[in-house]
Every structure is written in structure tokens, then in C-alpha cells.
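Written below as C-alpha cells is the structure these notes are about.
The values are calculated or read from the model by the stated rules, or taken from the named source; none is laboratory data. Since the model is a prediction, treat every value here as computed from it, not as a measurement. Cβ atoms come from the backbone with ideal geometry, glycine included; neighbour counts cover every protein chain shown. When the accessible area is computed, the model is the full protein with side chains, heavy atoms only, and any ligands, DNA or RNA have been set aside. Shrake-Rupley method; radii C 1.70, N 1.55, O 1.52, S 1.80 Å.
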Amino acid sequence: MPNHDRHRPSLPVRLTLAERDFFMELRRLVDASGLSFEALEEATSDPRPESGESFFCSGAQWERWLNGQSLPPRIAVRILAEKLADHNGAGHLIDLWARAFVPTPYPQEPGRAPVRPRQLPASMQHFMGRTAELETLASLAEQVRASSAATVIVVDGTAGVGKTALAKRIGHAVADRFPDGQLYVSMPDVADASEPTSGDEVLRGFLEAFGIPHSQLPSAVDGQAALYRSLLAGKRVLVVLDNVRDAGQVGLLLPGAPGCLALVTSRNQLTGQFGDGTHVLRLNPFTMSEARDLLEHRLGSARVRRESPAADELIGLCARMPLALSVVAAHAAARPDFPLEMLADELRGHGPDLPDAGDTAITARTVFSASYHHLSDDAARMFRLLGVHAGPDISPTAGASLAAVPVEQARKSLDELARAYLVEEHLPGRFAFHDLLRAYAAERARMSETAVELEAALRRLLDYCLQSMHAGVTVAFPAGLPAPMPQPLPGVQAESFGSPAQALAWCHTERHAVQSLITHAAERGGFDAYCWRISWAMAPVLVRGGFLHDYLATGRIGLAAARNLGDPLSLGHAHYHLAHACALLGEVADSDAHLTRALRSFTTAGDQAAVAMTFNGMAQLLMQRGEYPRALEREQEALRLRAALGDQDEIAHSEQTIASIYARLGQHDLALRHCYRALDLSRETGIRLRTADALGVLGLVYLGLGDHDKAIAAYMEVLAIYRQAGQKVNIAEALTGLGDAQQAAGNITAARDSWQRALALLKDLPNADEHPVRARLAPRGPA
């Protein structure tokens, strides 16, 4: 049956005029076409013409979009406009979408220092040669100031020729010409990866680097790209995009404003892919002079000159490739009494002992092989097993779990690999290696290890991530409902933490590596139990840190894994966390649907504690909608279940939530009664963060009752607990509440001081929402 406007509810009153114009035109066109929701689903689920990738829009999604409940992505609107090209006005639908949803530049608070990201990694300590190339790049960077458009420089060349080292070197050399920020990303594209990193993942990271609050981050990629371009308008920013496959991979990341420079490196020839005016620099192998300089720098001039013919032969065997030369130099430096002629003989003897992929690969494998065969047995095995690790880098403890060895042995092996230039300790305790070395390690692993051994190594690494993330979250965020945790596998060395701050720092450091690993495991298949459990375990880190899009992405991985398992308990947890992610990103309808499925799964599993948790989630969502009476009903159901189970901490949580709802309903006496119950229970359990949460609600209740002194005292106690735990987001919330109480008490100076301290904290947090605090400060001028 066709969808007619009279059958739909009124558009939400929160819409702006531009948004309302778009949704009204969308409804008019759909009504004129007579398309049902099912027909809309079929019409907009064809392959994308420009890429051939599948794109699916369900009928349920179209229903939400036509009701103005959420934003349709640009591609869905474009496909619909193309389908309805014969209808009057269809051609203007994209313009209306852009006018309504493409964001303007993020409003800079007057007097606030702008965020200037500094993401360039450290340059190589022993960088050699490339004088002419550095001069060329420096000259091009100087010309950016006078350019009428953003400048793109592409440095291409074969793998191992030194593109990344050159990009880092020139990036640091010209950084002062780009005072508004330097962005950097390496796009991993190893041989066994099914898909390289996508630009939209990196785009969110770049927006975070500029301090954009999550409340200002558009949900659609098109909107994020528009915001990114707006941020860079009028600024001088350097964007280094390393190891790019093709222009399509990074199109969203290219600045569009004059004064900005994009420096792209690629092992592929990208001539013509970035448009007219792109500068292309082909990086060739070292000259003989540069290659000799490298050997003399690493081995000493006397040794190289004394054995000049052998040194020249080594250079030839390495094809003058910087990566291969660095490995050979490390190999020779570790054996100062070993004649270079014998080293050349050794290289000739090894030859390309693995399948090759061209002359460069033959050269690299020959050199790597010579160094590999001189490793100790422990280091050689560690090198092979690193080939199954998909993360950007690895720590000694993770390496210990990967190889099922003590941490001290793992550290010793990694140090030996670093001395041989087969890995790089690019940060203290963090080891990474070049894509060619990763591919060589994976090949060695397939030759020397059985498929069972390699799967066991990956499983141990996943188990390390699960056990360590769970341990870190338990220390940093002790309150919460535990999901079933398996015993560690034999050989797994989990991290241990002495304080919440230490645990939180580890979780943040490992976040990217863990996400890469579970993405890789999900693509390989057979690791579903780990995929959903790890996505569950790291949820508090992503939520408290404001990494909401990452939370959504890991939640989807967890849900897919739980569906594969078919276990209702796993499925319930996966739906619950995906519901939470949707709620935080404003996708209320999707959140409600996932909560309903979570409740059904937990009920099937017979887990009453999890059912209560879901009722609590439903109450929180209803509070978000402002539906406080219904929220109260749901939380009272949660409290009844928790009381029957006798879990004091969860009872305290429900009591605190009920108190918060009563406070918002203006029933302060009831709110006070439930709040004190929550406080008493939290103090009995000894969970300080739960006590602080309850005290925060108590401050709100006393503020509603007009007892300003007690409200101030409650917030001061909250601050003491959160500061001890290092919870910056919660400290900012407590300072905001304290300022409200101080203002109500008539102490405007103290209130503004509290709000300004809250704002200062929020500025340093990724995706923090500063608007509520800004609004409090606005009447008396900028913060």
C-alpha cells in the first residue's frame, strides 16, 4: 500500500527549518511516487554505481526517515533521487539534504585556545641521504602559502625504498609552516588483510584530534567529511597519509582549503588519481654514495673502506634499498669481527628462499632470510608468530601470550629482533614492523608452524586481550554486571594493575590494537566467543572515553559473533551494548529495538540479573526521551528483580536511578529516601564510584529542595572520590553540579570558577560535550 502523508505522524518539533524543508520534500516525492516501504527498500538497495559495493536500506529505516526520526545517509537520498528523476523536484533533494545536514564549522568558543593536533611520529634517529628529495619537498611545502587550493604531494615507490621515513623527516622539517596542526595516519595494507583501513574510520579519529565533542559529530560519513573540511578552512594544516592503496581510500581525508598540504605515500603509482596540480615524487633506491654513507654510519668508515669491494657487493645485493641495507647493517654491526665478504657470501647462499613477488621482494627476502637464520631459536619463533598479529604494534606481555613464554623471555626476543632491525621499538615497550617484514614473518610461520599452532597462537593473543581488558576495566570501573569469563588459556600472561589510573591508561593505549585484532578475528571466523566477549569487556572504556563510533563498531562485531554462536546469553549482552551505543549516538528507535531483543534473549537464558540490567537500560533510554513516569516503571521492575537476587551493588544502582527519576519529576522527598538507600548500600559494598554516583544525585535532590549548603557538601564529597579515581568526565560533571549549587546559594564567583574548571577538563577529553557548561558561562561572557 502506498505511504501517504496523512498516515504518518507529525514531524518532530525539534527539527530546524532546513531539516523540516528536507523531510517535507522527501515525503512529497515519496507520496507522489506511490512507493511503499517495501518498494523503497527494493529501489534503494541496488549496487552503488560508482563502486559496485552493495548498499541496503530497509523499509523500517525508510519509515524512520520519513517520520523525521533520524537522518538518512546522503547515498540513500541520492539513489532515491535518481530513481524518481522523472518527478518534479527530485533533482533538488540532495541540495535540501546538504542545506539541512552538512554542518558548518564547529563554533569556536571566544577566548578559547584552538586545538592543534601534533600527530607526527618520531623521525628515524639514523635517517640518511635523500638530500635532493628533501629540498624538493621543502620547496613545494613553501609554495603552499601562495596556492589558491589545497596542495597534494604524492611520494611513490616500491616497498622498502624509504617512503615512510622520508615523509616523517620532511613532516617534522616543515611542521612550523603548518601551525594549525599536523595529522598522521598509516593505512595498513598487508598481504593477508582482506580490507585495508577505510578513510571513514580515520576521519573520525582526525575529528577527535581537533577536540570535536561527540554531540557535534554527525552520524553520517558525508556529514563528518563536511565538518572536517569546514574545520580546515582558513587554517594551515599538514595531513600525512602513509601507505595509501589508492585515492579512493583517502578521498575523505584530503583537505579542500588553501594553505593545507596533504602528503601521500604509496607503493602504487597514483599519477592522475588526485586531480590536476598534484605533485608526484618518485622515490628511487639510494645512490651508491647514499648507500655507502649508511653503511659507514652504522659500521664505521674504517671498516667499510677497508673492505670496500665487499661493501659495494652488499649494496648491490640489497639493490640499494634502505630497508634491506638497514637490516644488513644491523646484521654486520652485531658481528664486528665477521668479514663483510663472508656476509656477502652468506647472502648469495640464501637467495630467494621463499616465493617471490618481483625483484624487490626477492631482494628483501634474501636479506631478511640472512638475518632470520642468525636469530636465536626463541627470537626466530617470536618473529614467525608476529606474522599472525593484526594489530599496529605489540607489547612484551602480549608477545609472551602469543608465544606462550614468560614475559622476560618475550622481551629478550623482541629486543633481539629490534637489534636486527626486524622490528622497531617505535615507542617504549611497543614493537612494530614494516609490512614487508610482516609478510615475510607470516610466510615463515606458514613454513615452520602447523595451522593448529598458528590458530592456537592467535587464540592466546585474543585471550590475552580479553583477560587484560577485563582486568583493566574491573580496576578502573569496579561497578557493573559481569558477563561469564572463561579461565585464561595455558601460556597467557594477563596484565595486572595497581591503580585505576594505571588500568585506564593501559586500556586507552591498547584500544586500537584490540579493535584491529577482533576485526581480523571476525573476518577469519572461528573466534566468535572472543569477539563478543572482548567487545563487551572494552565497552566501559569506549563509553567513558567518548569513543562512541568505535563503541558502535565493536558492538556490531560482537552482535555478529553472538548470532553465530546462537547462545541466548551472548546474544543478550551483544544486543544490550549495541542498544547503549545507539542511544548515546541518538539512534533512539534502534536502541529500543536492541533492548527489546536483549530482554527476550536474557529471559530465554533465564538470567534474571541480566533481565534487571536490561530494564535499567530501558529506564535510562526513557529518561533520555523525557518519559519519566514510564522510566520509573521500568526501573522499579529492575529493583524488584535485584532485591530478589540480593545483589547489593545492583540494588544501589536501581535505588540511585529511581532517586534521579523522582528528582526530575519534582518529587524530592521520595527522591531523598531512595538516594539515602543507595548511599547506605554503596557504602556497605565499598564501591566508591557507586557512592560518588549516589552523592551526585543527592546533590541534585538537595538543590531541588533549596538546601544549597547540603547540595554543595554532597558535590564536594563527589569531587573527592572522582579525583582519587582519576575519572575526568565525572569530575567535570561534579564541578558542573557544584557550580549550579553555588549559583543557587548566591555565590556567582565560586559558581563560575567551578564551571570554568569543568570546561577546562572537558577541553582535554575526546568527544566531550562542552555545550551545557558553555551555556552556564555564556550570560557573563566567554570562559
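Okay, here's what the table says:
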{"item": "Protein accessible area in the chain, 1.4 Å probe - carbon and sulfur %", "result": "52 percent"}
{"item": "Per residue accessible area in Å² of the range 366-452, where ligands, DNA and RNA are left out and the probe is 1.4 Å", "result": "38 Å²"}
{"item": "Label-point gap, in nm, between Asp86 and Ala175 - each point 7 angstrom along Cα→Cβ", "result": "6.1 nm"}
{"item": "Cα gyration tensor shape for the range 615-681, rounded if a/c is under 1.5, else prolate or oblate", "result": "oblate"}
{"item": "Rounded FRET efficiency, nearest 0.05, which uses the C-beta distance separating Glu453 from Met288 and R0 of 51 Å", "result": "0.70"}
{"item": "Theoretical ellipticity at 222 nm over the chain - DSSP helices of four or more residues, -39500 (n - 2.57) apiece, nearest 500", "result": "-19500 deg cm²/dmol"}
{"item": "Rounded accessible area per residue of the range 559-603, 1.4 Å, Å²", "result": "38 Å²"}
{"item": "Of [x] 38.8; [y] 36.6; [z] 42.7, the label for mean projected area of the Cα convex hull in nm² derived from the coordinates", "result": "[y]"}
{"item": "Rounded to 5, percent antiparallel among DSSP beta bridges of the chain", "result": "15 percent"}
{"item": "Cut-off 20 Å (backbone N to label point 7 Å along Cα→Cβ of Gln487), residues of the range 393-414", "result": "401-402, 404-406"}
{"item": "Value of D in µm² per second that Stokes-Einstein yields for the range 654-783, Kirkwood Rh from Cα pairs, at 10 °C (1.306 mPa s)", "result": "107 µm²/s"}
{"item": "Extension gain, Asp415 back to Glu627 (0.36 nm per residue minus Cα-Cα distance, nm)", "result": "70.5 nm"}
{"item": "For the range 623-780: accessible area per residue (Å², 1.4 Å)", "result": "44 Å²"}
{"item": "Sites excluded, GluC sites (Glu not before Pro) in DSSP loops with at most 10 other C-beta within 10 Å, longest stretch of the chain", "result": "54-783"}
{"item": "Cα centroid of the range 664-725 to Cα centroid of the range 360-432, whole Å", "result": "52 Å"}
{"item": "Potential lengthening between Arg28 and Ser230 on full extension [0.36 nm per residue; Cα-Cα distance subtracted]", "result": "69.6 nm"}
{"item": "Arg116 paired with Tyr676, simple spin-label distance in nm, labels 7 Å along Cα-to-beta-carbon", "result": "5.5 nm"}
{"item": "Extension gain from Leu705 to Thr604, taking 0.36 nm per residue of separation minus the Cα-Cα distance", "result": "32.0 nm"}
{"item": "Long-range amide H partners of Val155 with built H, under 5 Å", "result": "Val264, Thr265, Ser266, Leu281"}
